[in-house]
1. With a 1.4 Å probe and all protein chains in place, put Phe141, Phe126 in order of accessible area, largest first.
2. Starting from the amide H of Met197, placed 1.01 Å from N in the peptide plane, find each other amide H under 5 Å away whose residue is 5 or more places distant or on another chain.
3. Mind listing the long-range amide H neighbours of Ala228? Cut-off is under 5 Å, sequence gap 5 or more, other chains count too, H placed in the peptide plane at 1.01 Å from N.
4. What are the ³J(HN,Hα) couplings of the range 121-133, residue after residue, when phi is run through the Karplus curve with 6.51, -1.76, 1.60 and θ = phi - 60°? Round to Hz, x for glycine and proline.
5. What does the C-alpha gyration tensor say about the overall shape of the chain? Classify as rounded when a/c is under 1.5, otherwise prolate if a/b is larger than b/c, or oblate.
6. If I ignore ligands, DNA and RNA and count only protein heavy atoms, how much of Asp13 is accessible to a 1.4 Å probe, in Å² to the nearest 10?
7. For the chain, with all protein chains present and a 1.4 Å probe, just round the carbon and sulfur fraction of the accessible area to a whole percent.
8. Sorting Leu259, Leu73 by accessible area (1.4 Å probe), largest first, what list results?
Amino acid sequence: MRAWAVDVPGPVDSSPLREVERAIPTPGPSQLLVRVSTCGVCRTDLHLAEGDLAPRRHLVTPGHEVVGVVVALEEGCVRFCEGDRVGVAWLARTCGSCRYCVAGAENLCVAPTFTGWDLDGGYAEFVVVDERYAYAVPTAFSDVEAAPLLCAGIIGYRALLRAELPEGGRLGIYGFGGSAHLTAQVAIAQGARVHVMTRSPQARALATHLGASSAGGAFDEPPEPLDAAILFAPVGTLVPVALEALDRGGTLAIAGIHLSDVPALNYERHLFEERTLRSVTANTRADGEAFLRIAASIPLRVEATTYGLDEADRALGDLAHDRVTGAAVLVAPWPA
Ligand SMILES: [Zn+2]
Ligand SMILES: [Zn+2]
């Protein structure tokens, strides 16, 4: 099969990904072999390609927003059959026995493995997944629409939970890409007033179109104080800006896996009056199931820019240079 692999991590314009030929992977016990239909391009893939996220394996295939069809399965599979459409997401395996797994916080597992970081992901014609970590894909969504739900959507949903937005509250969203445009719709459907701060004029237009109450520049002050905010842009200098925009008792959740350095905070301006700053680390399978149910019930509108499966390097470049509005999605088949 054809696949992309991270060779030497570096700036995306230096082509850190390379095309490789590999044997089609063989599923082990409880694993599904999935023919990839679409794979979303997440900012984490960009961090991995550029070396902001240290690679865990040389020549790993990125991609953890995979929608595909089960073409083979091994002994022990009980949830899915051949021909089923499934989603493969970031969380590939947890230990099941550490104190976090036991307490229902498997996102904090001390020995997790991740798709497209430890294990080969969906920038390829086929991928293998442990069926216990795969998702049934709601019929409300096409393959292209469903892909960004599997990380951008799920992580954004967890960030929204972590931001503890009160009912009918005022939510600030910093950065407005694949994840934020989905999260904003969930918040709006739940009755929130959403204010978006982003440097991209196209993203501001999309935010307004999707029902945001306001859309301003990345460092602009929102028109009213915020009960909660989510930082999607991987930009540490926005942390004090977002904290300062919070009302008393407000919470800022940082959604990304990588953030540039946070400048010094001033206790009085940024944290006093019981403002809370918290991170978001992966997700539990329960988060994923809950989010997919909500996504289908709204139903979310997924704004996607599509690329061929053979154009992953171009898609990452466009993501790096703000040329993608909404989410970027790779679409099979790989041209011969
Ligand atoms: Zn564990
Ligand atoms: Zn992701």
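1. Working: Phe141 5, Phe126 35 Å².
Order by accessible area, largest first: Phe126, Phe141.
2. For Met197, the qualifying residues are Ile173, Tyr174, Gly175, Gly216.
3. Arg170, Gly172, Thr251
4. x, x, 7, 6, 7, 9, 9, 10, 9, 5, 5, 5, 10
5. Details: a/c = 1.70, a/b = 1.55, b/c = 1.10.
Prolate shape, in that a/c is at least 1.5 and a/b is the bigger ratio.
6. 110
7. Working: 6980 of 13940 Å².
Summing carbon and sulfur atoms, their accessible area is 50 percent of the total for the chain.
8. Details: Leu259 45, Leu73 70 Å².
These residues rank, largest area first, as Leu73, Leu259.
The values are calculated or read from the model by the stated rules, or taken from the named source; none is laboratory data. The model shown is predicted, which means the values in this text are computed figures rather than measured ones. These area figures cover heavy atoms from the full protein model, side chains too; ligands, DNA and RNA do not enter into them. Shrake-Rupley method; radii C 1.70, N 1.55, O 1.52, S 1.80 Å.
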